[in-house]
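Data block below; observations after.
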Amino acid sequence: MRKITAWILAFLFLTSLMPGISLAQDGFATQTIMVYIVGSDLEGDNGLATADIVEMLRSGMDTERVTVLVMTGGSEKWRAPMITVRNLSIFKVEGRNPTLLHQEPTKSMGEADTLSFFLNFAVEHFPADSYGLVLWNHGAGPMVGFGSDHLFGRDNLELLELQQAMQNSPFSGENRLEWLCFDACLMASMEVASILAPHAKYMIASEETLPGQGVDYNFLGEASRGSLRGDEVGKLIIDHTADYYDKRARELNYNQFLVTLSLMDLDRVQPVRAQTDELFQSLQHGIELGVYSDIARRRDATKDYGRAGTSFIFDLIDLTDLADNLSVLYPDHTAALKEAIDDMVLYNRTNVPRSSGLSIYFPFGNKEHYERRWGGLYKDFSVAPVYQTFMDAFGNILLADSLAAWQGAQAPVIQQDADTGEYFVQLTEEQVQHYDRSEYYILAHRWGEEYQLAFVSGDVKLDESGRLFPQFDGKILYLKDNLNPEGIVPIIMEMESIDGIAQYKIPSLFGRLENEGYKTITGDLLVTVNKNTGEAQITGAVSDGLSGGQTGKRDFDLNEWTQVYLLTVSSYLTRSDTGEPLTLGDWVSKGDSQIFVLDIGEGLAAAYQPLDMERFNYYTMMSIVDTQGYSYGSELMPISGERFAQAPVPPITRPDVKEFAIEISQPQSLLLYEEDGITFTLLGTELTAADDTDRRAPDTLLLTILAENQTGEDVHAALDWLSVNNKMVPTSLSLELAAGSMTKGSVSIPIAPQQDGNGLVNLGITALSDISLRFEINRFSGAQWKGDTIGYSDIIRLVTDYPVGAGYEATLPPEDKQVVLIDTPDLLIQQWGAAYSDNLYFHLPLKITNRSAQYDLITLNESVINGIMAPMTLSSGSIEPGTELITLASIPLEHSEFGIPDIGQAALYDMFKYMTSLKDLGIEQVQRVQLRFALDVKERRGMVGRFSALELLPPITLQAAGTAGLNQPLDTKGQLLYNHQGVQIVLLDSDPEGRSFYIFNGSPATIHLRSTIGRVKVDGQPYADNYPLYITLSPGASAYPKLFGYVPDIWPSGKEVSFYFDVIDADYNRLLRQSDEITVPLHSK
């Protein structure tokens, strides 16, 4: 009691110090302006608070009339050396540097007491005729509040805490603040104005997110020479700030700043509240009469805020725009409300359509927060009791089960218009009654049930028959630069579409080289598409920030960065438990991705252009939203109509052949290839022998090649393949060519018998008649690894007649070791001799005969030994049409430094050191081998969609002689984590680190098991640096993958990991099912 009495006496004493601050006709003689700066990431990452303090110092303000005080805190780093992280500080802005007035150990600036202390300090030490307050930091509207103290767990001042701080300050009744400005986002709401009206006369705030640099503090100079009245100062703040961003937008590329600043007379907020209640009294009757869906549609069509500058849904909408949307239902009440708003909002400058200066919280999009907290919090505001009653009734329906049936037999049906051929979604009469809106997706069909997003739009027409038609005009959004003139199709999200002008976000990574190294940040590229004119424009960029995109002021100057990285991912068609397609956002991501790099300084631009129909087949899918915010996916519809007609897929063509006659015994120089600045010349041939005293014929033929690069870029030239007499000979040539340089190298063709079976004698060649080869040219990557392929040479055929192999004896495998494994019109695969082991590897010799006219590549996709997945590799896979190839399928016996290629690079060495060996798998004797091959065309390798040439071959099984009936021991003891439809996962007891799984695939299909993107958590926090589980299993096979074995050296720190995984049918590339959550402990790596 004694403390309370003392506080009241102190408060009365401070109030008595304040001169009467009722408005004089000619304004005020003096004013103290308090700036409450919660530095947060805005200062820590970008120094924005320091920049604004400097701006205040340089504003030219009259310090005889105006005193500016700033309190600083809440940031983990300050650019200004006089501001420390460990203290709360109060400075007076004067002279060349702020003067420190007060300092104390840091406290949370998200506490009411901290703000009220600052306000009381200002009045006690710097009394004036009037007072202004600037709240500087992040803002998130009435339901979240103001500020984010990064020293205290992002603590913020909720609206009721802000009210408490003002109640504990001297500013109430006749002693109110003359003006209060939010240098923060989203605070121009009726709720904020109502709460602060007892404590301030005028409020300046933004409906939308503010640009990162916030308010232009040069207003202080002009304000200090004016009346200092709140209405005048407020207008100066708005004009200076809006003019500043107008100027910056004209000066800079890629920047269009959103401005929605308004000046409000808080004495006039009460009529707005009253007229709001009057309107919603009628709307309450409407809900009781069953017109909920009509109201919900109109609410959802109202201009909302926060989506452009954040990734969060605040459910803040423009109150005037809402009145306009409801005017058909209640013209008198909406007109009265709009008049009250016009009286309250004295000044409004905006470049955002349908923004009139005052927002209101109206729940719809963020149902989770409304149900969890916001619904109850709004009651505590007590700003509009009738509106609150309406909100309760509206919210009850919003959170209830759907008013219409959308699933099962009632799922929307895909039909085709008999006259136009267009596909549409047919709704039932009940669905139409509760339909809100839709958006459509244009999906590129990769293969199987895998699709990639090409475009999204909310332009959907519902006709009088309940038919939904996507209004796709055949154009999509591309990003381009000078090096990518055809454009990249990015992943996009439509944030808003008004009158044919759509706002899109493009998830991106931005990079630049700094003194400390290469820096990157994640964020979104912002693009506006005017579908009326066909123009597209990059309008800015926003970073994700430490808050994960839930706060504004995150825009940055794109011109200060050099590269934009675009990630493209594909997804699997995903269905609900009852069989209906989920909306695209809930589809399972494949996880594999492509990254494209665009240079900002090389003509980065957006374009709205016709969709390239040739590479993929395209489908449309609808996401249908009802009036309760529930979303439903439609089945896929083929894009139809003459304008979407596709030309036939061009046939696979073979390269041209250039033929030259040569004499092996006579060295000669011969120009083999010359095109686009790249030249290959045969300088000569040479027959050599390892032992010159050997009486037998030479054992090697060398071809000496000179390569020249007259282009303007560094390239890497390599031998793509070589054949002799239509038999493939695995050999190599690798030349690094700087721009304008030349170098030479030798191609070695073995003549004498080789252990791998690829000497010319092994191949049965006794005379050279045809040496064919082809070169590959790549962009030089600065490493031995190949860069992007630029192109290939023609096929070069050297015709000769020269005997070889005299003195050597050709030996073929015994007939019982020439086992036919696959025999098709395109391909013959034979086991070519007995399997064997050297000191390092187990080898299975194979002979492959390519009978096709187009395939030139064979790959080993699956390999199983003794029922265990065992990754074997082919020693060579290039095989030209009409040729034969002797190759080896191999796997290391055990890990050994001698078994790792000497590649001279630590990073690549680490890749090889994790190769699985037979010893790792517990295989002591090879009993049974199962292999699965695929055929492809090199120039289309990796292509999906219409141009894919990949052909999967049926699996083959080989049983080693004398091993029938032997059983491979399996390690299966441990904790059973998953057992469903033939798939079992066990965490093995035998691994003391707790990292090893035993997995068995008892299903009839080859499956991929991949932990689900976005659904991995370590100690409850999202984790995305590695996959906990990533494995392919053949039918009937077991495997022993490691936890986080996808990238073995990346291991999270924590106590446990929780994840889900997807089961993918590898043959048909479709999602089979998703697992329940799996949790396993993490041990120190």
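The values are calculated or read from the model by the stated rules, or taken from the named source; none is laboratory data. Predicted, not measured: the structure shown is a model, and the values here were computed from it. So basically every Cβ, Gly included, is an ideal-geometry build from the backbone, and we count neighbours across all protein chains shown.
I'm trying to understand the selection: among the residues of the stretch 1055-1073, which are out of contact with any strand residue (DSSP E or B) (no Cβ under 6 Å at 6 or more places or on another chain) and either farther than 28 Å from Ile956 by Cβ or part of a loop (DSSP other than H, G, I, E, B) (or both)?
Lys1055, Asp1067, Tyr1068
Restricting to the stretch 190-226, count the residues that are acidic (Asp, Glu) and assigned to a loop (DSSP other than H, G, I, E, B). So that I can check it myself, show each step before the final result.
In the first step, residues of the stretch 190-226 are kept if they are acidic (Asp, Glu); the result is 191, 207-208, 216, 222.
In the following step, the residues that additionally are assigned to a loop (DSSP other than H, G, I, E, B) were identified as 207-208, 216.
Adding up the residues that qualify gives 3.
Which residue, of Ser465, Ser438, Ser402, is among the small types (Gly, Ala, Ser), in contact (Cβ under 8 Å) with a residue 60 or more places away in the chain and out of contact with any Asp or Glu (no Cβ under 7 Å at 6 or more places or on another chain)?
Residue meeting the stated conditions: Ser438.
So, in the stretch 487-516, exactly how many residues are assigned to a strand (DSSP E or B) and under 19 Å from Ile595 (Cβ atoms)? Walk me through it before giving the result.
Within the stretch 487-516, the first condition is being assigned to a strand (DSSP E or B), and the residues that meet it are 487-488, 493-498, 501-514.
Still in the running and under 19 Å from Ile595 (Cβ atoms): 487-488, 493, 505-513.
Qualifying residue count, the stretch 487-516: 12.
Can you tell me how many residues in the stretch 30-49 are farther than 18 Å from Phe117 by Cα and of a type outside the set (Gly, Ala, Ser)?
The number of residues fulfilling the criteria is 8.
Step by step: first the residues of the stretch 453-462, then only those that are among the small types (Gly, Ala, Ser) and in a strand (DSSP E or B), then the one that is nearest to Ser593 (Cα to Cα). Which residue is that? Outline the logic, then answer.
Initially, the stretch 453-462 is screened for residues among the small types (Gly, Ala, Ser), giving 454, 457-458.
Filter again for in a strand (DSSP E or B), leaving 454, 457.
Numbers: Ala454: 15, Ser457: 23 Å.
Result: Ala454.
Taking the residues in the stretch 335-363 that are in contact with a strand residue (DSSP E or B) (Cβ under 9 Å, 6 or more places away or on another chain) and basic (Lys, Arg) as candidates, determine which candidate is nearest to Lys235 (Cα to Cα).
So the residue we want is Arg349.
Go through the stretch 822-857 and give me each residue that's more than 24 Å from Pro753 (Cβ to Cβ) and either under 42 Å from the mean Cα position of the chain (by Cα) or not charged (D, E, K, R) (or both).
Filtering the stretch 822-857 down to residues more than 24 Å from Pro753 (Cβ to Cβ) leaves 822-827, 851-857.
Answer for the stretch 822-857, where residues must be more than 24 Å from Pro753 (Cβ to Cβ) and either under 42 Å from the mean Cα position of the chain (by Cα) or not charged (D, E, K, R) (or both): Ile822, Thr824, Pro825, Asp826, Leu827, Ser852, Ala853, Gln854, Tyr855, Asp856, Leu857.
For the stretch 1055-1085, which positions are of a type in the set (Phe, Trp, Tyr) and either farther than 24 Å from Thr916 by Cα or over 25 Å from the mean Cα position of the chain (by Cα) (or both)?
Residues satisfying the conditions are Phe1059, Tyr1060, Tyr1068.
Please specify each residue of the stretch 347-358 satisfying the condition of being in a strand (DSSP E or B) and in contact with a helix residue (DSSP H, G or I) (Cβ under 6 Å, 6 or more places away or on another chain).
Of the residues in the stretch 347-358, the ones in a strand (DSSP E or B) are 347-350.
Once the filter is applied, which keeps residues that are in a strand (DSSP E or B) and in contact with a helix residue (DSSP H, G or I) (Cβ under 6 Å, 6 or more places away or on another chain), the stretch 347-358 yields Tyr347, Arg349.
Can you find, within the stretch 286-327, the residue that is surrounded by the fewest Cβ atoms within 10 Å (Cβ to Cβ) among those that are assigned to a loop (DSSP other than H, G, I, E, B) and hydrophobic (A, V, I, L, M, F, W, C)?
Leu289
If a residue has to be free of Cβ contacts under 8 Å to residues at least 60 places away in the same chain and in a strand (DSSP E or B) to count, how many in the stretch 848-876 make the cut?
5
Examine the stretch 838-849 for a residue that is within 30 Å of Pro651 (Cβ to Cβ) and acidic (Asp, Glu), and state whether such a residue exists.
no
Here is a yes/no grid of residues against (1) crowded, with 21+ Cβ neighbours inside 10 Å; (2) assigned to a loop (DSSP other than H, G, I, E, B); (3) of a type outside the set (D, E, K, R):
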residue: Ser402; (1), (2), (3): no, yes, yes
residue: Ala405; (1), (2), (3): no, yes, yes
residue: Ala418; (1), (2), (3): no, yes, yes
residue: Gly421; (1), (2), (3): no, yes, yes
residue: Glu430; (1), (2), (3): no, no, no
residue: Ser438; (1), (2), (3): yes, no, yes
residue: Ala444; (1), (2), (3): yes, no, yes
residue: Tyr451; (1), (2), (3): yes, no, yes
residue: Glu464; (1), (2), (3): no, yes, no
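Keeping to the stretch 699-743, report how many residues are outside any strand (DSSP E or B) and under 30 Å from Ala767 (Cα atoms).
We begin by selecting, within the stretch 699-743, every residue outside any strand (DSSP E or B); these are 699, 710-714, 725-726, 729-733, 738-741.
Those left that are additionally under 30 Å from Ala767 (Cα atoms): 699, 725-726, 729-733.
Selection size over the stretch 699-743: 8.
Report every pair of residues separated by at least 6 positions or lying on different chains whose Cβ atoms are under 6 Å apart, first residue within the stretch 224-253 and without any contact (Cβ under 8 Å) to a residue 60 or more places away in the chain, second part of a helix (DSSP H, G or I) and not small (Gly, Ala, Ser).
Qualifying pairs under 6 Å: Leu236/Phe219; Leu236/Glu222; Ile237/Phe219; His240/Phe219.
Just a yes or no: is a residue in the stretch 416-431 touching a helix residue (DSSP H, G or I) at 6+ places or on another chain (Cβ under 7 Å) and hydrophobic (A, V, I, L, M, F, W, C)?
Scanning the stretch 416-431 turns up no residue that is touching a helix residue (DSSP H, G or I) at 6+ places or on another chain (Cβ under 7 Å) and hydrophobic (A, V, I, L, M, F, W, C).
Please pick out the residue among Phe117, Phe152 that is surrounded by fewer than 24 Cβ atoms within 10 Å (Cβ to Cβ) and closer than 18 Å to Thr84 by Cα.
Sole residue among the options that is surrounded by fewer than 24 Cβ atoms within 10 Å (Cβ to Cβ) and closer than 18 Å to Thr84 by Cα: Phe152.
Looking at Lys379, is it surrounded by 15 or more Cβ atoms within 10 Å (Cβ to Cβ) and basic (Lys, Arg)?
Considered against the rule, which asks whether it is surrounded by 15 or more Cβ atoms within 10 Å (Cβ to Cβ) and basic (Lys, Arg), Lys379 comes out as no.
With the requirement that a residue be surrounded by fewer than 22 Cβ atoms within 10 Å (Cβ to Cβ), in contact with a strand residue (DSSP E or B) (Cβ under 7 Å, 6 or more places away or on another chain) and polar (S, T, N, Q), what does the stretch 853-877 give you?
Thr859, Asn861, Thr873, Ser875, Ser876 - these are the residues of the stretch 853-877 that are surrounded by fewer than 22 Cβ atoms within 10 Å (Cβ to Cβ), in contact with a strand residue (DSSP E or B) (Cβ under 7 Å, 6 or more places away or on another chain) and polar (S, T, N, Q).
In the list Ala393, Ala444, Ala384, Ala454, which residue meets the criterion of being in contact (Cβ under 8 Å) with a residue 24 or more places away in the chain, outside the structural domain of Ile498 (by TED's automatic domain parsing) and more than 30 Å from Met203 (Cα to Cα)? Give the steps one after another, and end with the answer.
Numbers: Ala444 fails: outside the structural domain of Ile498 (by TED's automatic domain parsing); Ala384 fails: more than 30 Å from Met203 (Cα to Cα); Ala454 fails: outside the structural domain of Ile498 (by TED's automatic domain parsing).
Ala393 is the lone residue from the list that is in contact (Cβ under 8 Å) with a residue 24 or more places away in the chain, outside the structural domain of Ile498 (by TED's automatic domain parsing) and more than 30 Å from Met203 (Cα to Cα).
Could we say that Glu158 is crowded, with 24+ Cβ neighbours inside 10 Å, over 20 Å from Arg349 (Cα atoms) and touching a Gly at 6+ places or on another chain (Cβ under 7 Å) here?
Considered against the rule, which asks whether it is crowded, with 24+ Cβ neighbours inside 10 Å, over 20 Å from Arg349 (Cα atoms) and touching a Gly at 6+ places or on another chain (Cβ under 7 Å), Glu158 comes out as no.
Give the stretch 171-189 a look and list any residue that's surrounded by 24 or more Cβ atoms within 10 Å (Cβ to Cβ), in a loop (DSSP other than H, G, I, E, B) and either at negative phi or among the aromatic types (Phe, Trp, Tyr) (or both), or say none. Explain how you work it out, then say what you get.
Taking the stretch 171-189 and keeping what is surrounded by 24 or more Cβ atoms within 10 Å (Cβ to Cβ), we get 171, 176-189.
Adding the requirement that they be in a loop (DSSP other than H, G, I, E, B) leaves 171, 176, 184-188.
Within the stretch 171-189, Phe171, Arg176, Ala184, Cys185, Met187, Ala188 meet the criteria.
As an exercise: evaluate Glu516 against (1) in contact with a Gly (Cβ under 6 Å, 6 or more places away or on another chain); (2) of a type in the set (D, E, K, R); (3) without any contact (Cβ under 8 Å) to a residue 60 or more places away in the chain and give the number of the one condition it does not meet.
(1)
Return a yes/no flag: does the stretch 744-751 have any residue that is outside the structural domain of Ser875 (by TED's automatic domain parsing), outside any strand (DSSP E or B), among the β-branched types (Val, Ile, Thr) and in contact (Cβ under 8 Å) with a residue 24 or more places away in the chain.
Yes.
Give the residues of the stretch 359-393 that are assigned to a loop (DSSP other than H, G, I, E, B) and under 30 Å from Lys247 (Cα atoms), sorted by residue number.
Within the stretch 359-393, no residue meets the criteria.
For the stretch 110-168, list the strands (runs of 3 or more DSSP E) that sit wholly inside it and hold at least 1 residues that are among the β-branched types (Val, Ile, Thr) and not assigned by TED's automatic domain parsing to the domain that holds Ser311; which are they?
Output list reads 130-136.
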